Structure formats: structure tokens, C-alpha cells
4 protein chains.
Amino acid sequence: MNKNVAIQVGILGASGYTGRELTRILSKHPQADIVYLGTSSAQGQKYYSAYPELFGYPVGELTMEDESCVPKVDVLFCAVPHGIMAERAADLLARGIKVIDLGADFRLKDPAAYRFWYGDSEKTGQVSQTGVTGLPDNDLDHPDQENLSQAVYGLTEIYQKNVATGRLIANPGCYPTATLLPLIPLLQEDLIEYDPIVIDAKSGVSGAGRAASARTHFCQVESNFQVYGVEGHRHLPEIEQELSVAAGEPVTVSFTPHLVPMARGMMATIYVRTRTDVCEADLRRCWSNAYAEAAFVKVLPSGLWPMSKHALGSNNLFMQVRVDERTRTAVVVSVLDNLVKGASGQAVQNMNVMFGWPEEQGLEFLSLWP
Amino acid sequence: MNKNVAIQVGILGASGYTGRELTRILSKHPQADIVYLGTSSAQGQKYYSAYPELFGYPVGELTMEDESCVPKVDVLFCAVPHGIMAERAADLLARGIKVIDLGADFRLKDPAAYRFWYGDSEKTGQVSQTGVTGLPDNDLDHPDQENLSQAVYGLTEIYQKNVATGRLIANPGCYPTATLLPLIPLLQEDLIEYDPIVIDAKSGVSGAGRAASARTHFCQVESNFQVYGVEGHRHLPEIEQELSVAAGEPVTVSFTPHLVPMARGMMATIYVRTRTDVCEADLRRCWSNAYAEAAFVKVLPSGLWPMSKHALGSNNLFMQVRVDERTRTAVVVSVLDNLVKGASGQAVQNMNVMFGWPEEQGLEFLSLWP
Amino acid sequence: MNKNVAIQVGILGASGYTGRELTRILSKHPQADIVYLGTSSAQGQKYYSAYPELFGYPVGELTMEDESCVPKVDVLFCAVPHGIMAERAADLLARGIKVIDLGADFRLKDPAAYRFWYGDSEKTGQVSQTGVTGLPDNDLDHPDQENLSQAVYGLTEIYQKNVATGRLIANPGCYPTATLLPLIPLLQEDLIEYDPIVIDAKSGVSGAGRAASARTHFCQVESNFQVYGVEGHRHLPEIEQELSVAAGEPVTVSFTPHLVPMARGMMATIYVRTRTDVCEADLRRCWSNAYAEAAFVKVLPSGLWPMSKHALGSNNLFMQVRVDERTRTAVVVSVLDNLVKGASGQAVQNMNVMFGWPEEQGLEFLSLWP
Amino acid sequence: MNKNVAIQVGILGASGYTGRELTRILSKHPQADIVYLGTSSAQGQKYYSAYPELFGYPVGELTMEDESCVPKVDVLFCAVPHGIMAERAADLLARGIKVIDLGADFRLKDPAAYRFWYGDSEKTGQVSQTGVTGLPDNDLDHPDQENLSQAVYGLTEIYQKNVATGRLIANPGCYPTATLLPLIPLLQEDLIEYDPIVIDAKSGVSGAGRAASARTHFCQVESNFQVYGVEGHRHLPEIEQELSVAAGEPVTVSFTPHLVPMARGMMATIYVRTRTDVCEADLRRCWSNAYAEAAFVKVLPSGLWPMSKHALGSNNLFMQVRVDERTRTAVVVSVLDNLVKGASGQAVQNMNVMFGWPEEQGLEFLSLWP
């Protein structure tokens, strides 16, 4: 494979699933070279000791290094627990390193919202990213409000221009990506009502991360379907923030995530009411216009319904809609691979935009099927 | 095991999954003896040739017989494609055989609804029970409107008194059972609004039956999450019929089924709006009262969320609710095993009620975990 | 359900999978009442807090108690990590409590073998039951050699007479059960050679227990097939001990376990050489004779091959054989549910024999399918 | 992505899984362009109608054409049922088209073996590639013995020189690839005994193809582990043929395939006896020498055991070995993705070699994990 390397990149949190997915993509990216793999737990080990399937590949032979010793790279991808990048971003940016944060620290523009949902990092340190069972106390302010205000929310198709000039990208969560891409154009064009919006979302287990826990035990998940986070999931404020921007007024949604017995993949089934006289074709036309130039957003032909596996291993998001005239309910379905378009793939897509490259560069691989 | 046999039972459609589940339950029922296994495809074979795990059991040694030669049993369980029992029930009833129909032929009270959803049996003969992709033409009337009007809808907890005196039981579908048991008491007590009602349902694959098809191929289902029947699923009119009875006026719902990579199990996540001043505790109290005497309906303590696997192999339905005060949305979650409470278990429960036995007789087995 | 309770039983290690399976079986056993659930981690909690699907059942309402305070029950089932019962059995027996140990402490008759495989309980405390990656040091003797010598190896079909008079039963491991029941009669009748014997075994994940670990993470197991314990698995000496008894001389085997992406179930594929002039029918005839009276050992008709799911939830072991005349190799296949015949079901079967009851009492439930 | 297209390729059997995998790889191959997708069942449809996840990609927009109208391409990949290419290859070769046959028609050099295993194409037309339950009658000779004798067995690492000059490549089966690559060097260097050789193999379900059948029904496969083909699997003679070549004398093996509840992936666990004085390090050294230049054969460091998922989506084969000194048994474990190195990936690897390109071209993608 011919590389024409232009930049050097590093990965914080390389030993997690998101980090592993970044290495899969970046090690074949034609213009980027991985020079640093940071870890909090496996310093000094070869990367293949964590991921034996990479034995013999250059990235597999890299030694994982301490998370605190980031070299001067062009871009640093950060896949670490929330709270860490809020503390560290400023210094990295000051060193001229562009930061793409796959965590949550710079997604919520409202410091009060951040404080409410992520404020007590001590108490919530053990809480998995996939849910909270009790809301945290609200005693910690965001430590870097300057960069918070300048960070770009990296939903690439929506904020492409801002990403192009950004130095700190807040890469969206997987649920928000699956929800926002179908809904934002519909709200912008005022084709649907703002209330009620019901988001029934289903995710594979890799979204919960690599840490072993009772909830990710195979015997707990296999042949089982679970609901979680009904009391409040941290992706909710992120979804409402961006829907409100699109609507031009505050939007409140009902959002309920579920766990599917599969490693990767995500579906959002979204129930909204159409504005009077808006029909199914209007919604589809809106999407087609909005995403005419988007390499990764696929509006399926009418009648073809997306499955989560359609996106497996690819950076694609597929979507479809049907309006039930009886109830004036539009059923919107979107799917993606939570580790690709829902995390690492979108992060690389943002890198491409930041450097003025085609957004699909290094991301052109097709879905694996079956 | 001591049996005190009181009745003889037969099973039509014994070679399917629902038939197999009936044999699991009935062969250990203390008062019923299986004397007839009817099949349309495997006449003359021992039952264990279809189900080798039953080799050596009395039921496994039974020979499957022609579906058209039903002996004079006390009860006949019918697990055959729709359209067949509508033709055959009258004759069986005339012979003094009680009929418990696990199919759809006597569920819809409105002949027009039956005609709309099931009317063209020729065209829809191949359509799986789990979905229709194009609605059938409406050219076939129900052939037995007399028995249709006398049939008892066998949602045991709701229609127990009618079941007790019934001779023809229309056993409910799995999705309706999962949906109706939580919603009916809330509507009867007027605790929730009638509109919108959004039912996002998820089922294991056994609901699609034993026939091989592209949609049930392992590689199509594994590690995959699918939506189907968005254009209209045959369980929708059944749900609306019974919700309308409970509400006392026509209720229209949005119902979207999904397919989960698991063999058994079902969850319904239901989004409704509470009436003004109705809180979470009111909903839970309503359920507790409604199901105080119900052996199989389990209202979980607050905060414990049901998983589909909780019901595995048992006749239980578990339910839980949370009201989001921000959106006044009650998120109702119910789970069951689609082959037990969603089909064969409820059928046996109905048999128990018909004969004046305790409803839990022969159904007391606990869930399998994990 | 009519109970005719004769004895009181307790369970040590009630919160684990084996303990949970014991409660499923024993709570419906017609002559036993569960009066004690011991736990090392969840004292004071209702059992349903660990297993919500038992909410509303008597066993679910029991409070889990400290493992060290065992009341005077008739039988105590012990499902705790190895090393513990070796210390505690003597005292329980002295109190007149019959002990059925589902762990490994009294299985190996040779104290040296015990010391080699289980000797260093400190170091191996964290090692899961399913495998060792480095063999333990050999510095701990068995603390109770008197009871070790009197313990009965509870492979019910083989040692039924000893079990009947036993007070301390060493319930076999799942792999040994799957391997020994087909092989012992063949060795006893000298139909197969003693060398080579290759056992390629495959297990569901519940055999690794309920503790969360990297190896039981859903994303590690799903859509994956793994080999483990190639360097030595603790069930190996147990297998060799009993095969040697059957053969009348030391037998050495090659045993390799694998992990299948399923929660329950086990298959052993065993490769042995037949003695000269021994044909397939001879092997099948040997089995039929040996297990003519055995309720749970099913020799399938020729050509029907067992699947692991055939045994799901039942106490059955299915077996089949084919002799390849080209290589004189007999391929023996056996399956069972590792939590039932491979653990808790066999334990209850042993209890039945100890009390002179029919061995199948309370164990007559059929397999769940699908 | 920059393509530097050198050749045009076509695919026969494009609608099957192997065909789909070829499109995944070839559509991103830098020097090949897909210009023809042949099908026997879906003529005239866009490829995305069979595989919606390819909607919007050039390959997805191709129209599937009749299988009998192959244009003049440089290479034709053939993924059709056996019997067809035996009839059609001669004509294609005469037209100057290089043929890479992913089926079995040119693998067995001995016409008698072909006749025995594949001879009765009428009767075995419906038999899936994964097994035969009764051996076919032996009444059909291979219709093209000239090309049979000139075909190159496309196990790339072993027959690279012959592939380079070949015009008709018989691409190996998945089980043979997993078995032969580890065993051939050991036999060539005479490090292991020729008898017994026990191959216990496990495959994901995609190996059985896309056709719906009882054996591939999700509910039959999920949470289940099955053995099949014990009476004889068609990959057996292919394995014995190539092992015999390596050993220089006839080798007979015991080969038993199993079905794992996963879509992709394969493991072979192989039990052989080492020659006297041969130790584990000798075996590993032999492999390291044999595959020093092989891009896709990964001999893992001692102690790291391959899992089937290590190969997911990649063209890699991973292997490992341990010698048990007690029994002088070497346990050899190899894994691959049955659709990549076991089928379509190896086919593309062979194409690369035929055209003098680096063998890894277009195959450099890393495994997907998790």
C-alpha cells in the first residue's frame, strides 16, 4: 500500500475498543502515520499483547506508552474517560497539537448542563459511559470554559465548515450521531413537530467499553434484550442541545437506550409527528437535498429498511422513514456502527476535513457482510 | 411424577415451535394427557425424529398423524397457519371438542378488520406471521362469523370469567399480550392519555416460526438488529381492538416491531402520556391492584428493570414503569417469553381456567437463568 | 403444586450460576424445601435482588445469609470456590449434615494430584474454574484426607450404590461427566484401546462462573470461538482418574477445552481406536446395556447426532458414535447442559439416590427448544 | 482512492456470500475493476437490491446479469455450486479468460476421488457444501480431465510458483486451508507421525452458504453447538490429497467438522504425534522458516492462543502449537475467516500472484475487533 504521509498522529486510550478501531482505520490511512499509542494500564507492552490479531503489523509492534507523555504530534485522538481531557486539552492545544476528543468533555456548550451530567467526576468515575443509574451530584464546574466555548461539535455533515478551521473537536456520541443526522434537516425545514419526539435506541455492547462488568458478562447479554438508562442517559443533553439549535427553540425528547446481544451496531427508531400537509416524500426529499454531497449518509430507497449490520465496519449511516397517515406519525429509522460513524470513523472523517482532504479518505472500506 | 389425569388433549401443528412448546408443558401437566399430535408435513414419523431431544420420553415416542384426523379429545390446541381454523373450528366444536386456537382466526371481532388483515389467504399463505410487506387484498370474508362472535379472547388475566365458560378460545398474539397487560388497567382507570401511544416492540426470532427463510437465516440475524412490519403488522388491529375496549372509545397506536438476535423473548417499550397530576406511583398502584391475584404478572419493585431473559422458559410477564416529569412521558417496559406467555403457556393457562383448575397448574416452572 | 416435604436443604454459593440453577430445580422438588441461601457477597439481600426473575417466588423472597452460619439442614449443596469445602466439610458432616460438594475439593483421590492441581489456593484463588494459564505451585496439602478417602465421586450412573450410602458427595465436573459416561462402559468391556484418547471439548460460557472478567466479556466471546487451557485444565486429572479405574490401569488422555459463544451447553467429541474386530454396533450395544435403567443417559438412534441445545435445561446426556473403518477411529459425541447434568441437576440426582427416592424425582422437566 | 486499473474482472455467483465478499475486496483493489456480476437467480436487479448496504457504491449500482453471458474479462471468479465449472471452464479458458474457481470442481486430482465425492451431481445438487449425510453414488466422471490435470491447487503459500503461471486455479476449501497450512511444513520436514492425525474443526455458519434451510435457521444455530458430516465431508479427500503430497506417501486422517453459532470464522484443532526427540520449539521453528515471507500466515508467539475472531474480515491465518510431553501429542490450533483466507481473500491473493503483483495488494485491511 502506498502511503503519502503528511502528518503524525497519536492515540490516547489506545487499549480500549475505540482506540483499537482508530488503529484499524489510521494504520491504513494514506496520509497519516501512527507514532504514539498512549495507555493508562499497559505501558511498555507491545500493542499486539493486547490485540494479538495485530501481531506482525507495524501498529501491533508499537509499544504502548504512558498517557501523560504525549509527543508533539499533528493530531491527537483522545479516547479516555470523561473528565480527563477537560483538564488536559489546554496544554495540548498550546503545544500546537490538534485535539479530537472522542469523549464527552467538550460536547455540552452549557456549563450548567456539563455540571449536571458530568459534574462529579469522583463519584461517576466508575459509571460506564452507557448509563447512569443515579444522577450525579452537581458540584464540579468545567475546568476549561474557554476551550469549551471554542470547541467544535464534530458532527461532520452538519458542522463541516467549523470543523475545517477547528483545533479542538468534540466528537459526538454514538446515540447523538444516529439521532441527529436524520432529525436535524427535518427540524431545520420545519417538517416535523417539536413535541413529542420519542427516540427508542438500541446499541451493541461495545458501546459500554472494554472494562469487564456484570452488565457486559456474556451470560448476562446473550439471548437477552435489555433496557437501561431510563432514569437518564448522558447522551440525552447532547441530543437536546443540537436538536434545539436546529429547531431554533428548546426541544425536549424522550430517549430510551437498549442493549442488543451483538458487539457492534446501533439502531435508532424515532417517532415524530409531521407538520400538517407534510408527507413521506417531503421528508425523503429533505434528506436527499441535505445529504446530496455526504459520502457516508445513505438515504435508502423507499421500502428498503436498514439493519444495524448494514453498517458493520463501515463509516456509513443508513436511514429510512415511513409516515403512518392514520396517526400522522413518521417512523424514522437510522443505523450505524457505533465504533465507526459513532466514534472512531467520524473522528477520522473530522481529521480529513481539518486538513482539507476529501472527507472519505481512508474510510472507503465497505461493510462486512454477513 | 404423579399424574392424576383428567382429560385428553391433542395438538394441531405439533411440529412447529409453538407445538413443541405445548408438548414441553403438557407432557408434565398433572391433569392432561397428550394423545394426538397432528402435522401437515411429517405424518407417520415419531415425534423424536423432529425433536431428537425428546427421544425416550413418552411424547417423543408418539407418532405424528394427519392433521385432518383429529380424535375425540377434550381439548385441541391449534397452532396452524391462519385461515385453517376459521374453516375447521365449527366441526370440532360440534363434536364437543374445546378448541384453543393459538392462531389469529378468532381474535378480531370485526369481520371487516379480519378481512382487511387476513382476508386473502391465497396471497398471504406464504407470508410469515411476523409481518406483511404489502397489505393483502380484502376479498375474503370470515367463513364462520357465528363462532367468531362467540369466541373468547384468551388474554387470561383480563377475560378470566369468559374463558371459564368458553368453548372456543382465541389465544392472543405475543405482541398483544406484552402490550395489553400493562396498558389495559391504565386505560381502564384513565391514568394515561389515549394519544399518542407508541409501542416499540422487540422479539426473538422464534416468533417467525420454524420455516426456513431468508429472514430467519442465521447469518442474516446474528449480530444484527432489524426493524420490520413498519408498513403494518397483523398484531396491530388486535392491539387496537383491546385497547379500545379498555378505553371505551377507539384508540389508535403506533406499533413497530423489531427482530433481536435471540431465539426467545420479547420486550415492549411503550411511550404514553400521563393524565395531569398522575404520577409514577399511581401507575404502579394501579398495576398492583389489577394483578394482585395474577400468578404470572410480576410488577417489579421500582428501579428493577426487566430483561427479556427474565422470562425465559416461564409463563411470567414482568413489567416496570418510569414517568419522566420533564416530558410527562411514562416509559412502560414489559417482557415475556413469546413461546410461553406469548403463546403456548397462556394457552395452557386458559385450559386450566376452562376446567376450573388453578391457573398456574403445570406452569409453575421457574425461568432458566442464564 | 403439591409438595410432600421430607427434608430441608441449604445452598452455599447461592448467588452464582450453579447456585441459581439449584434453586430452579430444588424449589420445585416435591420432597425438598430450601431453607438457607448462603452467600459470601450479598448477605442480607433478598434473593430476587440478585435474580429479579424470581421476584414473587418463595425462593426469591428468601434473604441471603452469611456463608459461615449454616443451619442444621438435611443436605447442604456447596457451590463455592475450591479450597473452602476442604476446610469446612468435616465440621458440617460432624453436625449430621449431608454434603454435596459441587466443587473440586473431594474429587481427586490422590492427595498428590490434588496438591499439584489445586495446591496453591492463594495463588490460584483468582483463577477461574475453566482454566489455568500457568500451573500452580504445589505447596498445599489437602487438609482433610480422611474425608477425602471417604468421599463418593458422584457420577450417579456409575457409582449409584456408593452414592446411596454416602454422606459426602464429590459432584463431578461438567467436562468429566460429558467424557466419562460414554467412555467408562467402553473401557470396562475392553472395546477400545487405551491410547490414544483425544477429547476435544466445547463449553458454553456459564461454566466460567458469574464473575466478570476480560475472558467473559460479551465482546470477547460473541461471534468468536476460543481454545483455552491447552497447558492443562483442572478437569484433566479427574478424567484420567476415573478412566483409569474403568480400564484397570493408568490411562492418559489428551484433553483440550474450547469456549463456544453460548451461555449453556457442552459437547465432547472424543476420538478413540476400537479394538480389533469391534464394530460400531458393538459400541452401541455396550451403551444400551450399561444405561438400560438410566433415566438421563440417552443413546440416540444411529444417524441422529446430538447438539448441545438438545440438553438445554434438562438433566439429560445424549450420546452417539460412529466408527470410521478406514482409520478404525470411533468418533464419540456427547452433549449435556453444563449447569444441569454437568452440575446442579446431577447434584439433585445424587440427593435423590442418597434418600432412596427415584433418581429422576424433581428432574423430569424436558429440554427447552428452541 | 486512487485506482491504477490494470485488469477487468467478473464474478459468477455474485449473490452468494462468497460473491459478496469478493465484491468487498475487489471493489477496493487498486488494479482490478469489477465489470460483471453473474447470477442464476436475480438477473436484471441492481446489486444493492440483494445487498442494501452497497447502495450508493459503484458495485452496488451494477446490474446482475445472466450467469451464462460472461463477457471477455481478464479474470473470472467463480463461486457457483460444484458441477457447473467442470462443464464451463474449458470454454472460458479458450476465450483467454483466466479462471479462479472457488468451488470444488478442480481440486481433486484423482478422477476416481472426484467421482466418489462429487460424482452424482443430480442427486447432490441440493446437498450443501458443508456436509453430506449419505455418500453419493459414483456414476459421473469428471467431464474435463484435461483441465483437471492442468489446474493449479491455489493454496497460495505452498503453490505460489504454479499459481504464477496458472490459467485455472482451484481455490482451496476453507477447512483444507486451515488444516494444510500448519501441517504441510511439519510433514515435509518429517517432524510428526503420519498416523494418527485427528482434525477437529469448527466453522461459522456462512460456510453453509446463503440458501435458507432448516440447518441454517437462526433458532437451530443460536446458543447451540453442532457436529455434522461425521459420515464423510467433501473436504476430507482434499485434505488427504495434499497431506499425502507433503508426506510423500498416503496419509489418512480423521476429520470432523462442527458448526459454531457465529457467522464467520473457523478453527481447526489438530492432534498429531511428534517424531521422537522433536520438541515444541522444533515445530515453531519449522513454521517460522516456512512462512518467513508469507504476508498472511501468522505464527503467534508462544502462549498466545488464536481465537477465530482474530481473523475477522482479514486474510490472515493465525497458528499456534503446544506439545504435551506426557502424551507426545502436539496440539495445533489454526484460525482464519472462512470467507476471506478460506475463500474470497485467498482467491484475490491468487489473482495477485498470477499477475505478478505483491500478494497482499488489496488485502491489507486489518481484522475487525471486536
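Residues that are under 17 Å from C:Lys202 (Cβ atoms) and without any contact (Cβ under 8 Å) to a residue 24 or more places away in the chain: list the strands (runs of 3 or more DSSP E) wholly contained in the range C:255-364 that include at least 1 such residues. Don't jump to the end; show me each part of the working.
Details: elements: C:266-273, C:297-299, C:317-324, C:329-336.
Here the list reads C:317-324.
Can you confirm whether A:Lys341 is crowded, with 21+ Cβ neighbours inside 10 Å, basic (Lys, Arg) and more than 10 Å from chain B (Cβ to nearest Cβ)?
On the way: crowded, with 21+ Cβ neighbours inside 10 Å: yes; basic (Lys, Arg): yes; more than 10 Å from chain B (Cβ to nearest Cβ): yes.
Answer is yes for this residue.
Determine whether the range C:55-66 contains at least one residue that is away from chain B (no Cβ under 14 Å), among the hydrophobic types (A, V, I, L, M, F, W, C) and in contact (Cβ under 8 Å) with a residue 40 or more places away in the chain.
Of the residues in the range C:55-66, the ones away from chain B (no Cβ under 14 Å) are C:63-66.
Imposing the further condition that a residue be among the hydrophobic types (A, V, I, L, M, F, W, C) reduces the set to C:64.
Next, only the ones that are in contact (Cβ under 8 Å) with a residue 40 or more places away in the chain stay: C:64.
Taking every residue of the range C:55-66 in turn, at least one turns out to be away from chain B (no Cβ under 14 Å), among the hydrophobic types (A, V, I, L, M, F, W, C) and in contact (Cβ under 8 Å) with a residue 40 or more places away in the chain.
Restricting the search to the range D:86-100, which residues are touching an Asp or Glu at 6+ places or on another chain (Cβ under 9 Å) and under 18 Å from D:Asn350 (Cα atoms)?
Within the range D:86-100, D:Ala89, D:Gly96, D:Ile97, D:Lys98 qualify.
Determine which member of the set A:Ala90, A:Ala86 is more than 14 Å from every other protein chain (Cβ to nearest Cβ) and surrounded by 22 or more Cβ atoms within 10 Å (Cβ to Cβ).
Working: A:Ala90 fails: surrounded by 22 or more Cβ atoms within 10 Å (Cβ to Cβ).
From the options A:Ala90, A:Ala86, the qualifying one is A:Ala86.
Six or more apart or on different chains, Cβ atoms under 9 Å: show the pairs whose first residue is in the range B:215-244 and within 12 Å of another protein chain (Cβ to nearest Cβ) and free of Cβ contacts under 8 Å to residues at least 12 places away in the same chain and whose second is part of a loop (DSSP other than H, G, I, E, B) and of a type in the set (Asp, Glu).
Pairs found: B:Phe218/D:Glu222.
Could you tell me which residue of the range C:251-296 is nearest to A:Pro261 (Cα to Cα), considering only residues that are of a type outside the set (A, V, I, L, M, F, W, C) and touching a helix residue (DSSP H, G or I) at 6+ places or on another chain (Cβ under 6 Å)?
Filtering the range C:251-296 for residues of a type outside the set (A, V, I, L, M, F, W, C) gives C:252, C:254, C:256-258, C:261, C:264-265, C:269, C:271, C:273-277, C:280, C:282, C:284-285, C:288-289, C:291, C:293.
Checking the rest, the ones that are also touching a helix residue (DSSP H, G or I) at 6+ places or on another chain (Cβ under 6 Å) come to C:261, C:264-265.
Values: C:Pro261: 11, C:Arg264: 16, C:Gly265: 18 Å.
Across the range C:251-296, the extreme among qualifying residues is C:Pro261.
Check the range B:173-180 and report whether any residue there is of a type in the set (A, V, I, L, M) and away from chain A (no Cβ under 14 Å). Let's see the steps before the verdict.
Step one: filter the range B:173-180 for residues of a type in the set (A, V, I, L, M), giving B:178, B:180.
Going one step further and asking which of them are away from chain A (no Cβ under 14 Å), we end up with B:180.
Within the range B:173-180, one or more residues are of a type in the set (A, V, I, L, M) and away from chain A (no Cβ under 14 Å).
Residues being farther than 21 Å from A:Ala104 by Cα and under 24 Å from the mean Cα position of the chain (by Cα): count how many of those fall in the range A:65-83.
So in the range A:65-83, the residues farther than 21 Å from A:Ala104 by Cα come out as A:65-66, A:69, A:71-74.
Restricting the remaining residues to those that are under 24 Å from the mean Cα position of the chain (by Cα) gives A:73-74.
Counting residues in the range A:65-83 that are farther than 21 Å from A:Ala104 by Cα and under 24 Å from the mean Cα position of the chain (by Cα) gives 2.
Looking at (1) out of contact with any Asp or Glu (no Cβ under 8 Å at 6 or more places or on another chain); (2) closer than 23 Å to C:Val198 by Cβ, which one does D:Ser288 not meet, given that it meets all the others?
(2)
For the range B:1-94, give me every one of the helices (runs of 4 or more DSSP H) that falls completely inside it and has 2 or more residues that are modelled with pLDDT of 95 or more, in contact with a helix residue (DSSP H, G or I) (Cβ under 8 Å, 6 or more places away or on another chain) and not hydrophobic (A, V, I, L, M, F, W, C).
Details: elements: B:17-26, B:47-50, B:58-61, B:84-94.
Those helices (runs of 4 or more DSSP H) span B:17-26, B:47-50, B:58-61.
Can you pull out the residues in the range D:202-226 that are surrounded by fewer than 24 Cβ atoms within 10 Å (Cβ to Cβ) and within 25 Å of C:Ala330 (Cβ to Cβ)?
Hits for the range D:202-226 are D:Arg215, D:Gln226.
Being small (Gly, Ala, Ser) and without any contact (Cβ under 8 Å) to a residue 24 or more places away in the chain, is that true of even one residue in the range C:83-101?
Here is the first cut: in the range C:83-101, the ones small (Gly, Ala, Ser) are C:83, C:86, C:89-90, C:94, C:96.
Those still in the list that are without any contact (Cβ under 8 Å) to a residue 24 or more places away in the chain too: C:94.
Taking every residue of the range C:83-101 in turn, at least one turns out to be small (Gly, Ala, Ser) and without any contact (Cβ under 8 Å) to a residue 24 or more places away in the chain.
Could you please let me know if D:Gln45 is in contact (Cβ under 8 Å) with a residue 24 or more places away in the chain and open to solvent by 30 Å² or more (accessible area, probe 1.4 Å)?
Values: in contact (Cβ under 8 Å) with a residue 24 or more places away in the chain: no; open to solvent by 30 Å² or more (accessible area, probe 1.4 Å): yes.
So D:Gln45 does not fit the description; no.
Yes/no matrix, rows are residues, columns are (1) touching a His at 6+ places or on another chain (Cβ under 7 Å); (2) within 13 Å of chain A (Cβ to nearest Cβ); (3) over 26 Å from C:Val253 (Cα atoms); (4) open to solvent by 10 Å² or more (accessible area, probe 1.4 Å):
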residue: D:Val272; (1), (2), (3), (4): no, no, no, no
residue: D:Glu280; (1), (2), (3), (4): no, no, no, yes
residue: D:Val335; (1), (2), (3), (4): yes, yes, no, no
residue: D:Asn350; (1), (2), (3), (4): no, no, yes, no
residue: D:Gly356; (1), (2), (3), (4): no, no, yes, yes
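What are the residues in the range A:43-56 that are over 14 Å from D:Lys298 (Cα atoms) and under 25 Å from the mean Cα position of the chain (by Cα), if any?
Matches in the range A:43-56: A:Tyr47, A:Ala50.
From B:Ser308, B:Ser314, grab the single residue that is within 14 Å of chain C (Cβ to nearest Cβ), under 19 Å from A:Gly229 (Cβ atoms) and surrounded by 21 or more Cβ atoms within 10 Å (Cβ to Cβ). Quick ask: steps written out before the conclusion?
Values: B:Ser314 fails: under 19 Å from A:Gly229 (Cβ atoms).
Every option except B:Ser308 fails the conditions.
Out of the range A:95-121, which residues are under 23 Å from A:Gly342 (Cα atoms) and in a helix (DSSP H, G or I)?
Correct list: A:Ala113, A:Tyr114, A:Trp117, A:Tyr118.
Each row is one residue, and each column tells you yes or no for (1) among the basic types (Lys, Arg); (2) facing chain B (nearest Cβ under 9 Å).
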{"position": "C:Arg285", "(1), (2)": "yes, no"}
{"position": "C:Asn289", "(1), (2)": "no, no"}
{"position": "C:Pro301", "(1), (2)": "no, yes"}
{"position": "C:Gln320", "(1), (2)": "no, no"}
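The values are calculated or read from the model by the stated rules, or taken from the named source; none is laboratory data. Here the structure is a predicted model, which is why all the values come from computation and not from measurement. Note that each Cβ is placed from the backbone with ideal geometry, even for glycine, and that neighbours are counted across all protein chains shown. Protein only, heavy atoms only, side chains kept; ligands, DNA and RNA dropped before computing areas. Shrake-Rupley method; radii C 1.70, N 1.55, O 1.52, S 1.80 Å.
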